[in-house]
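Laboratory data are not the source of any read-out in this text; all were calculated from the coordinates shown. Computed from a predicted model, the values in this text were never measured in an experiment. Neighbour counts run over all protein chains shown; Cβ positions are idealised from the backbone, glycine included.
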């Protein structure tokens with residue numbers, strides 16, 4: 001069962017690498033924000049899977065909760081900062 | 001200057017989530033012995049909740065509760081709590097931050113005095129970290145306004 | 001193999017499928033709003049299902065209660081952050097991709 005979760009985690013890491021293309025090469029800063037938000041969502045699951053694999057999920061669940069909270073607040077702050085800015089090329 | 005957002009969805013969610021964020025920050029602060037966490041992490045989560053309020057309700061609304069001066073006061077109080085507990089241990093005849101000596105003041109046995117001493121130090125650290133994070137946030141988001149550049153109408 | 005293991009495996013595989021779909025949408029769709037639409041819906045459902053799989057695997061304890069709490073939080077927070085980003089893009093003046101753009105040049109929309 002641990003092996004199954006390990007393979008799910010590896011597949012999730014490949015998906016993170018694919019999202020990293022949008023986060024680095026995205027045409028403007030809004031696309032990068034969307035890519036970073038998607039990466040954060042996948043990292044949340046990867047943290048829980050690491051907890052299952054290392055058999056310390058009681059420790060990792062707190063970390064992933066903090067990660068979800070900070071990902072959400074970071075997205076809101078970026079959206080507020082970029083609102084009505086002229087630097088985003090149309 | 002961050003103006004008041006006219007976004008009902010973000011405002012409602014901030015109002016809904018704020019008690020849970022503060023409760024979770026206190027959990028991380030108090031439960032730092034057994035799980036990842038402690039003073040620094042609890043303070044950062046408190047500051048993140050504060051930033052959420054700032055983003056959704058605007059800087060002026062938030063500064064009714066926390067101005068720059070209040071943040072500086074809180075950071076000083078946090079450092080004072082940390083140093084005060086250390087010096088109190090020193091006065092009672094131990095080393096700096098030797099919590100076992102606090103058992104005479106608190107009236108409990110040595111092991112529990114150590115636990116309570118660590119908790120007090122962590123509360124001081126959390127207050128200082130939260131206040132410094134808020135100060136940094138204020139400085140970053142008001143510096144755009146003073147320069148009068150492109151982001152001036154933000 | 002227990003019943004809860006089977007349920008957990010099914011949940012994790014369905015979550016992985018939705019994650020893959022959302023990532024493909026993020027990579028391949030033509031403009032910003034369409035990409036945000038793909039991740040906003042796909043990732044929310046995928047996170048919910050994957051967290052339920054983890055909670056079922058671990059059984060009933062304080063940890064699974066916390067995992068369900070994360071699931072509820074993500075179910076509230078993810079649409080809100082998607083809404084905030086798309087609103088910021090609309091205020092910035094990002095135009096949606098239309099069919100005329102697609103007829104002019106195939107890869108024009110990828111510039112947005």
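Structure notes:
- Degrees, to the nearest 10: C:3-28 long Cα axis against longest axis of chain C: 10
- Computed from Cα positions, the angle between helix A:57-82 and the longest principal axis of chain A comes to roughly 10 degrees.
- Label zone at residue B:27 (point 7 Å along Cα-to-Cβ), backbone N below 14 Å, the range A:43-68: A:58-68
- Mean Cβ count within 10 Å, highest first, over the residues of peptides A:31-38, C:13-20: A:31-38, C:13-20
- Computed label-point distance, nm, for sites residue B:115 and residue C:17 using a 7 Å Cα→Cβ extension: 4.9
- Per-residue shielding of C:4-16, expressed as the average number of other chain Cβ atoms within 10 Å of the residue Cβ, stands at 2.
- Chain B, relative contact order [Cα under 8 Å, separation at least 6], %: 29
- For the protein assembly as shown: Kirkwood Rh in Å [reciprocal of mean 1/r, alpha carbons]: 22.5
- Legend: mean number of C-beta atoms from other chains within 10 angstrom of residue C-beta atoms, peptide C:50-63, equals 4.
- Intensity falloff of chain A expressed as log10 I(q)/I(0), Debye formula with alpha-carbon point scatterers, at q = 0.11, 0.15, 0.18, 0.22 Å⁻¹: -0.39, -0.65, -0.83, -1.05
- Calculated diffusion of the range B:8-148, Stokes-Einstein form, Kirkwood radius summed over Cα pairs, 20 °C and 1.002 mPa s, µm²/s: 129
- Only DSSP H runs of four or more residues enter the estimate; each adds -39500 (n - 2.57), and after division by the residues of chain C the mean residue ellipticity at 222 nm equals -28000 deg cm²/dmol.
- Label-point gap, in nm, between residue C:28 and residue B:11 - each point 7 angstrom along Cα→Cβ: 4.2
- Zone residues, the range C:1-18, relative to residue A:7, backbone N less than 12 Å from point 7 Å out along Cα-to-Cβ: C:13
- Expressed as a whole percent, the proportion of Cα-Cα pairs in the range B:76-125 lying more than 17 Å apart is 24%.
- Rounded tilt (10° steps) of B:39-57 against the dominant C-alpha axis of chain B: 20
- Simple label model, 7 Å out from Cα along Cβ direction - residue A:54 to residue B:64, nm: 4.5
- The Kirkwood radius of chain C, taken over pairs of alpha-carbon atoms, gives through the Stokes-Einstein law at 25 °C and 0.890 mPa s a diffusion coefficient of 155 µm² s⁻¹.
- Inter-chain Cβ neighbour count for A:47-54, averaged per residue, equals 3 (cutoff 10 Å, partner chain atoms only).
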